[in-house]
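Supplied in structure tokens, the structure appears directly below.
The values are calculated or read from the model by the stated rules, or taken from the named source; none is laboratory data. The structure presented is a predicted model; accordingly, all values stated were derived computationally and were not measured. Here the Cβ is made from the backbone with ideal geometry for all residues, glycine too, and neighbour counts use every protein chain on show.
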Amino acid sequence: MKARIVTIAALLFSLMIGAAAAEIAAHRALYELSLAHARGDIQAATGTMAYEVTDACEGWVVHQRLAMTLTNGDGQDIDMLSDYTTYESKDGSELRFRSRQTTDGAVTSEVVGEARMGPNGGEAVYTLPEATTKKLAPRTLFPNAHTEALLKAAAAGKKFIEMPLFDGTGADGAQDSSVAIASWTGPAASKWPELATLSSGRVHVAFFDQAAGTQQPEYEVTMRYWDNGVADDLLMDFGDFSMRGKMSNFVLGKKGC
């Protein structure tokens, strides 16, 4: 299955914007996943996604664990597990990344490396799946900076932006992303009191293979974003199937390191 199921982590992690200084919302969240649509052989799907952002003084550590059980047309269950961990410096210049995926207990993908960006571009240096280096074009953003730009655009009333992203979830380097912001409004009802006083809106992000030059996205994500970077009400479209994610547990973390 081609879909890189860990990439949702790249969208769930950002800085708070607004009148005050930018401030990330360190937090832990658990999402319950269910099948929304199936286009191919998938007949049923369930899962969970655990997500945590930790303040590490000069950077942010993100850890995501996504577990899904897919049932195919023959009634066979396929267990997929993904672990994705990153460290991103707060100035957006450095990213260390590690992702590992297994299917029915067998490792199907493992990606490890680090990347750096400067004013004239940067590079990603992989140690797994093989030792290689990928150039990163100027203005390529790491996950935190990508989402910060998205939220700033939303607060400014923009409806559409395009940004290159490198998140370390695959071995092919950076991707292009297209972001559509359907709405951005003031405080909205939420079962989580910590979120109910914040602005939020619906956001759709499509990801494209830079090398292929195609207009068909590799995968897409729709969610409600709150202006502290927390996301809920997710719809993750992996191409041959889509999963809906509902936040079932949420805890704000400590501010500062």
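For the stretch 218-254, give me the residue count where each residue is out of contact with any Ser or Thr (no Cβ under 7 Å at 6 or more places or on another chain) and outside any strand (DSSP E or B).
7
Shifting gears a bit: Report whether or not Asp55 is farther than 27 Å from Ala29 by Cα and either touching a Gly at 6+ places or on another chain (Cβ under 8 Å) or not aromatic (Phe, Trp, Tyr) (or both).
So Asp55 does not fit the description; no.
Let me ask something else. Take the residues of the stretch 10-27 that are surrounded by 20 or more Cβ atoms within 10 Å (Cβ to Cβ) and in a loop (DSSP other than H, G, I, E, B): which is modelled with the highest pLDDT?
Looking at residues that are surrounded by 20 or more Cβ atoms within 10 Å (Cβ to Cβ) and in a loop (DSSP other than H, G, I, E, B), I get Ala26.
Given (1) of a type in the set (A, V, I, L, M, F, W, C); (2) at pLDDT below 95; (3) in a strand (DSSP E or B), where does Ala124 come up short, assuming only one miss?
The one condition Ala124 does not meet is (2).
Residue check: is Met247 at pLDDT 90 or above, closer than 27 Å to Gln101 by Cα and touching an Asp or Glu at 6+ places or on another chain (Cβ under 6 Å)?
When the stated conditions are applied, Met247 passes them.
For Lys135, state whether it is over 30 Å from Leu198 (Cβ atoms), out of contact with any Pro (no Cβ under 6 Å at 6 or more places or on another chain) and among the basic types (Lys, Arg).
Judged against the criteria, Lys135 is a match.
Of everything in the stretch 189-203, what is without any contact (Cβ under 8 Å) to a residue 40 or more places away in the chain and either in contact with a Lys or Arg (Cβ under 7 Å, 6 or more places away or on another chain) or surrounded by fewer than 16 Cβ atoms within 10 Å (Cβ to Cβ) (or both)? Give them in sequence order.
Ala189, Lys191, Pro193, Ala196, Thr197, Ser200, Arg202
Still on this model: When residues of the stretch 228-255 are filtered for being surrounded by fewer than 21 Cβ atoms within 10 Å (Cβ to Cβ) and touching a Gly at 6+ places or on another chain (Cβ under 6 Å), how many remain?
Count: 1.
Next question, about the same structure. Within the stretch 28-84, which residues are within 23 Å of Ala145 (Cβ to Cβ), out of contact with any Cys (no Cβ under 6 Å at 6 or more places or on another chain), hydrophobic (A, V, I, L, M, F, W, C) and surrounded by fewer than 17 Cβ atoms within 10 Å (Cβ to Cβ)?
Ala56, Val61
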